[in-house]
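Worksheet: the structure to be examined is printed underneath.
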Amino acid sequence: MTAGTVTLASIERELEDIERDAVVRAAEAADAAALEAVRVGVLGKKGSLTKVLRGLAGLDGGERPQAGQVANRVKKAVDEALAVRREAIGTARLAARLGGPQVDVTLPASGQPTGHVHPLSVVMDELCGIFLSLGFSIAEGPEVEDDFHNFEALNIPADHPARDMQDTFFIEGGRLLRTHTSPVQVRTMKGTEPPLMIVAPGAVYRHDDDVTHSPMFHQIEGLMVGRGVTFRNLKAVLTEFLARIFGPDLAVKFRPSYFPFTEPSAEVDIGCVMCRGTGSGDAGADAGRCKVCKGTGWLEILGCGMVHPKVFADVGYDPEVYTGFAFGIGVERIAMLKLRIDDIRLFYGHDMRFLAQF
Amino acid sequence: MRVPYSWLGEFVENLPAPDVVAERLTMSGLEVESIERPPEMPAELLVVARIEEKRPHPNADRLSLCTVFDGEMIREIVCGAQNMEAGDHVVLAKPGARMAGGMTIKKSKIRGAVSEGMLCSSAEIGAWGDSPGIIILAESAEPGAAAYDVLGLDDCVFELGITPNRGDCLSIRGVAREVAAVCRLSTSPMLMPSLGSPGATPVRVSELESKGDSPFEVEVEERDGCLAYRGIVVDGLRIGSSPDWMQRRLAACGLRPINNIVDVTNYVLFELGQPLHAFDTALLAGNRISARSAGALREFITLDDETRELEPSDIVICDGSGPVALGGVMGGASTAVSDSTTSIFLEAALFDSARIRSTARRLGLLSDSSYRFERGVDSAMTETALLRAAALIAKTGGGVIRGGVARAGELPVHGPVVRLRPERIERVLGSPVPTGDALAALCRLGIKAGETGGAIEARVPTHRPDIEAEIDLIEEVARIHGYEKFTPEMPVFSMHAAETPPVRSFAQRLRSELAAIGLSEIVALSFCSAEMNRACPGLHTAEARALKLRNPLRADEGEMRKSLLPGLLDALRTNCRNGVRTVDLFCSGRTMAADHGSAEAVEPVEIDALAALICGPRRGREPGLVGEASFADLKAVLSRVARSAGIREGFELVPTDKRPELHPRAAADIRFSGESVGSVGQLHPLLAETLELNQHTYVFEIDSRKLVAYAPRHPGLKQVARFPSSARDVSFLASEELLAGDIVATIDGLQEPLVEMVEIFDDYRGRGVEAGNKALGITVVYRSGKGTLTEEEVSAVHARVVAAVTRRLNISVRG
Ligand SMILES: [Zn+2]
């Protein structure tokens, strides 16, 4: 192109051709790539419009603004055509992406379904957790015990009727299955100087099998020994413990009882968790009495007492210097009350229909 | 023990209402487990009636028609029993009365005859006695009178749970003493109840005592077993039934009336707590009775006609010819009272608790008598009870007491003197009890106490052998003062770290981890059958013997488990029976065995074990269950366990064919750092078949303690790679016997610095691979810490690696 052929009119014509052509091609562009090719062909460094704009330099100074105006209008029109088409292409593309089949959100999850922790473990961990938070450490001991630790050292001599309180499984050769977790008290005291605060959770065994007893069950034994540990301390610790399990407004009463290795001894009753201490149940059934507490409004929940001086003497603690308290909690009993389980045998029946509820 | 409320009333004046008595007793340590109350029924519905006429039912052979007078009117009653005659006084339930079984009586027609009520048997109204016929009352019972009054069924009966230390409360008099103490009733001196029916003028025991020498001589040869022995003779007796009031009392206490002699000994036993025994004087040889050790005596026939083997330490009562009673436990058959007895020698003795207990336990003879001797009998009551029983027998049997009491041995008159320091009370209980209050509490219990030198001195009475030391008195003071007076007070202690044994926190963590990947926990009883213990030896050594129970509850629970697997397999079976298809379970707990020693010296070893079991189809990416459980599925669980124990790098599985419970071709020893911690594998096909279980059952069992002990410290940070890696795949052809892990181990063993990771991605058998062989696809990842590796560098090292593997393992590269 020579300067002589460049006229305002020819430039204007050329610009209009570019515009017309670009608008048509933009509208026909099938996808984003084709549209980009149109843009580059017109507005790119080597694009047709760019070329024309460069040619404006050959015009007279008076004609240049007018040609410039026309060129700007054309550029705007092309930009607009490109933008309209870009949006149309984008919408169509998104519609295509979103048009797939509906995901069936109700189909089951893949992988193994979640399993279940046994309710006794759940409750045992909760009980131990409460004592840990109160400063008690956890101690353990053997389940196969000897007569000394299970009985003698706990002030239960041979041929003493207190042995009737605990029907015992004997092992051939002289050992026995511990009838309570109390031997852990003795073992811990023999190896540690006071002060000490422990709880001893674990399985225990009684020669007993009916609807309300299992020959194996679980206990948590507690022991606190030091200078100046009192019966009032015992009441405070156990009341706090029970309130944390069953709720803060729980009624608690301590009633005299007998355990050979504690004195004074107490049985602890709590207000019935089922009837809230009223003793009344569903009208009609059981003559309107609460089945859980048999209408008394109270539930026996644990046994406790001040460690007997004979037990201290046996482990080498001076009973004149140290006092302490001990308690024993039936884990099944608490679990049954908390989880409303009415048959102890369910714990050991392995039935998934039961286990899966926890 | 069953305690009739009305009987207590004979010993305690102004007895409060039953509910009050029960509450006070329970709150002072004598637990009232239940109160049996008379049936709630208007008294006029159950009355005494007289049979005016009895005739056969016209339409039924086994029924009769009775015309009765109920005090107001004549009624016609159809009756099925035949044991009554015209003139008998009987119990009539009128229409509207509710029977013990819950049935309500209605006016009705029975086989065409009108019946306006029912004549009652004992069972129908909840009275004592087991005769199937209707009750025939004494003629003194007035027609129209309330039958409950006449039968003594209008009483409350307490069921007391008496702790083993309170032998003194195994009698009505003992419970009455406790009631008086806890109800703050003035302790008036207790009179002997009268010999007649209740309500007659009380008589002092001293007035009963007969004078003179006894026709019998008694002696105690074994003072350690028998502290004192007393006897008295009652002659001229006629055996018959005991009076109604006595039968009612015994029935209320749960005893069956037998005859006037046995009933009196039981009555006095319940009343005063002193066991008694009556010998037929005519059957005793000579007139000398002695209490001694069985010694060389080998056997003895007790009154239930059983031959009992004796131990030298058993206490026996002997006459001139030999043993006539097992002291404090049971009398002998040869001298037992029978219907023809006319004279008795009545015994009241004081036997040693432990000796009686050991004999009674060994022979399985737990009687009301041995039960009381085991728990301590009050020596102050021994002679009183003897005289009272003798007088009652004489009265009810129409006989006379002949001579005085024959005596041997001293009856203790009081127990030890025990000191109680007031400051000690505060030390144990946490707050002081005023000395006056403490003295009053002891006094109410019949313990004579006074203050000397700033301390309380208490003389323990004979009825409280359980009180031996200061702490026993503190308990008495605390419970009479009231436990509720000692308000809770939190202990103060210096701060310290509360600790949990590592195995326990590990188990706790593991439970939630295993539940998260689909396993459910079971808790199994620790008992096991001998067969299952043999089949599943668990983690114990090969020589370890199972611990056998001497007294198992069931034959198939005769041993303690050596493994957790039997419990898991049992749980699997239960759930399969219930139709559960996928059963993934775990269990943690102790297993036990005796590792060394002879049967005499069992040294038990307990292991904290953890076991898991998986069985049944798995859930994949598509809905529904597919396939069967595999070794790899369980290995994933095992990896999770290892991670829980803080073990980051892979553990080692070494194939083993030595586990009897596992498939010899699909089992491995689990090792950490070369130490075996357990085993894993497929359940042995024979065991699966025996237990009727799915063959695709995979199990592992590991020793938690070893696992936790092994848990290594963090190895320290490895440099995070800065340059890209390059991976190469290779497929090796190998015999089926070659373990993929051997290829990985071989490459690891080359110690090529550029090898970063080796991964097995395929184990292929089938088309294109000769039978007995397999193709193992391995990816080796190469990386340098110094720069990006070139193609040539990677190819060079990969060629070295492949060559080394084929050479060392003698396998080839699949083309
Ligand atoms: Zn209730």
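Between the beta carbons of residue B:603 and residue B:400, assuming R0 = 60 Å, the FRET efficiency works out to 0.35 to the nearest 0.05.
Which of the lysines could a cross-linker bridge to residue B:107, judged by Cα under 22 Å and excluding same-chain residues fewer than eight apart? Straight-distance partners of residue B:107: B:54, B:94. Taking all Cα-Cα distances within the protein assembly as shown, those exceeding 55 Å account for 44%.
Quick one: work out Rg over Rh on the C-alpha atoms of segment A:8-98, Rh as Kirkwood radius.
Numbers: Rg = 15.1 Å, Rh = 13.8 Å.
With Rh from the inverse mean 1/r over Cα pairs, Rg/Rh is 1.09.
Take the alpha carbon gyration tensor of segment B:520-652, find the square roots of its eigenvalues, order them as a ≥ b ≥ c, and report rounded if a/c is under 1.5; if not, report prolate when a/b exceeds b/c, else oblate. Verdict is oblate for segment B:520-652.
Note on the protein assembly as shown: with charges restricted to the Cβ of Lys and Arg (+1) and Asp and Glu (-1), its dipole about the Cα centre is near 4180 debye. Considering only A:290, A:119, A:199, the residue lying farthest towards the positive end of the dipole of segment A:119-355 is A:290, judged by Cα position with unit charges set on Cβ.
Comparing the full protein assembly with the isolated chain (1.4 Å probe, heavy atoms, ligands and nucleic acids excluded), the residues of segment A:343-358 losing at least 50 square angstrom of accessible area are A:350, A:352. Please determine, in degrees from 0 to 90 and to the nearest 10, the orientation of helix A:119-133 with respect to the longest principal axis defined by the Cα atoms of chain A, where the helix direction is its Cα long axis. Helix A:119-133 sits roughly 80 degrees off the main axis of chain A. Using the alpha-carbon positions of segment A:1-159, Rg (one decimal) and Dmax (whole number) come out as 42.7, 136 Å.
To the nearest ten degrees, helix B:470-481 and the longest principal axis of the Cα atoms of chain B are 70 degrees apart. DSSP bridge analysis restricted to the protein assembly as shown gives an antiparallel fraction near 95%, rounded to the nearest 5. In this simple spin-label approximation, residue A:83 and residue B:6 carry label points 7 Å from Cα along the Cα→Cβ vector, and these lie 11.0 nm apart.
So, for chain B, what is the accessible surface per residue at a probe of 1.4 Å, expressed in square angstrom? Before the final figure, lay out each step's value.
Numbers: 37300 Å² over 815 residues.
Here the per-residue accessible area is 46 Å².
Excluding ligands, DNA and RNA, the accessible surface per residue across segment A:119-355 is 34 Å² with a 1.4 Å probe. Just to confirm the number: angle between the C-alpha axis of helix B:18-27 and the first principal axis of chain B, 0 to 90 degrees, nearest 10? For helix B:18-27, the angle is close to 50 degrees.
Please state the shape class of segment B:649-756: rounded when a/c is under 1.5, otherwise prolate if a/b exceeds b/c and oblate if not, all from the C-alpha gyration tensor. Cα axes put segment B:649-756 in the oblate bin.
Starting from the Kirkwood radius over alpha-carbon pairs of chain B, derive D by Stokes-Einstein at 10 °C in a medium of 1.306 mPa s and give it in µm² s⁻¹. Numbers along the way, then the final one.
Values: Rh = 35.0 Å.
Rounded, D is 45 µm²/s.
When the protein assembly as shown is described by a simple charge dipole with +1 on each Lys and Arg Cβ and -1 on each Asp and Glu Cβ, the residue from B:670, A:101, B:585 located farthest towards its positive end is A:101. Coupling constants for segment A:344-358 follow from the phi torsions by the Karplus curve (6.51 cos²θ - 1.76 cosθ + 1.60, θ = phi - 60°), and in residue order they are 4, 5, 4, 4, 10, x, 6, 7, 4, 5, 7, 4, 6, 8, 10 Hz; glycine and proline get x.
In the protein assembly as shown, a dipole from Cβ-located charges (positive for Lys and Arg, negative for Asp and Glu) runs towards its positive end, and of B:560, B:463, B:776 it is B:776 whose Cα lies farthest in that direction. Association of chains B and A removes close to 7900 square angstrom of accessible area from solvent, both sides included, for a probe radius of 1.4 Å.
My understanding is that a pair violates if its Cα-Cα distance is over 31 Å; which of A:190/A:294; A:294/B:448; A:235/A:310; A:253/B:562; B:548/B:706; B:635/B:718 do that in this structure? Could the numbers behind the result be given before it?
Numbers: A:190/A:294 42 Å; A:294/B:448 40 Å; A:235/A:310 22 Å; A:253/B:562 43 Å; B:548/B:706 26 Å; B:635/B:718 27 Å.
Exceeds cut-off: A:190/A:294; A:294/B:448; A:253/B:562.
Averaging the Cα positions of each part gives two centres, and for segment A:126-181 and segment B:278-305 these lie 41 Å apart.
Assuming charge only on the beta carbon of Lys and Arg (+1) and of Asp and Glu (-1), the dipole of chain A about its Cα centre is about 2000 debye to the nearest 20.
Cross-link reach is defined here as a Cα-Cα straight distance under 18 Å, omitting same-chain residues fewer than 8 places apart; for residue A:338 the aspartates and glutamates meeting it are A:125, A:126, A:240, A:249, A:269, A:300. Shape of segment B:383-424 from its Cα gyration tensor (a ≥ b ≥ c, root eigenvalues): rounded if a/c is under 1.5, otherwise prolate when a/b > b/c, or oblate? Judged from the Cα gyration tensor, segment B:383-424 comes out oblate (a/c at least 1.5, b/c at or above a/b). Contact-buried residues of segment A:139-164, at a threshold of 50 Å² lost accessible area versus the chain by itself: A:140, A:143, A:144, A:159, A:161, A:164 (1.4 Å probe; DNA, RNA and ligands ignored).
Within the set of other residues whose C-beta is less than 15 Å from the C-beta of residue B:103, count the net charge using Lys and Arg as +1 and Asp and Glu as -1.
Numbers: positive: B:94, B:98, B:106, B:107; negative: B:124.
Value of the local net charge: +3.
Each part gets one Cα centre, and for segment A:1-62 versus segment B:453-486 those centres are 118 Å apart.
Sorted largest first, the spans of the alpha carbon positions of segment A:119-355 along the three principal axes are 57, 43, 32 Å. In chain B, the portion of solvent-accessible area held by carbon and sulfur atoms comes to 50 percent [1.4 Å probe, whole percent, DNA, RNA and ligands not counted]. When the accessible area of segment A:119-355 is split by element with a 1.4 Å probe, what percent falls to carbon and sulfur? That fraction is 51 percent. Can you list the lysines whose alpha carbon is less than 16 Å from that of residue A:45, not counting same-chain residues fewer than 8 positions off? Within reach: A:75. For segment A:38-83, the alpha carbon convex hull comes to 50 Å³ per residue, rounded to a whole number. The chymotrypsin sites (Phe, Trp or Tyr not before Pro) of segment B:666-738 include none that meets both conditions, a loop assignment by DSSP and at most 12 other Cβ atoms within 10 Å of the site Cβ.
The values are calculated or read from the model by the stated rules, or taken from the named source; none is laboratory data. All of these numbers come straight from a predicted model, not from anything done at the bench. Every residue, glycine among them, receives a Cβ derived from its backbone with ideal geometry; neighbour counts consider all protein chains shown. The accessibility values were calculated without ligands, DNA or RNA, using every heavy atom of the protein model including side chains. Shrake-Rupley method; radii C 1.70, N 1.55, O 1.52, S 1.80 Å.
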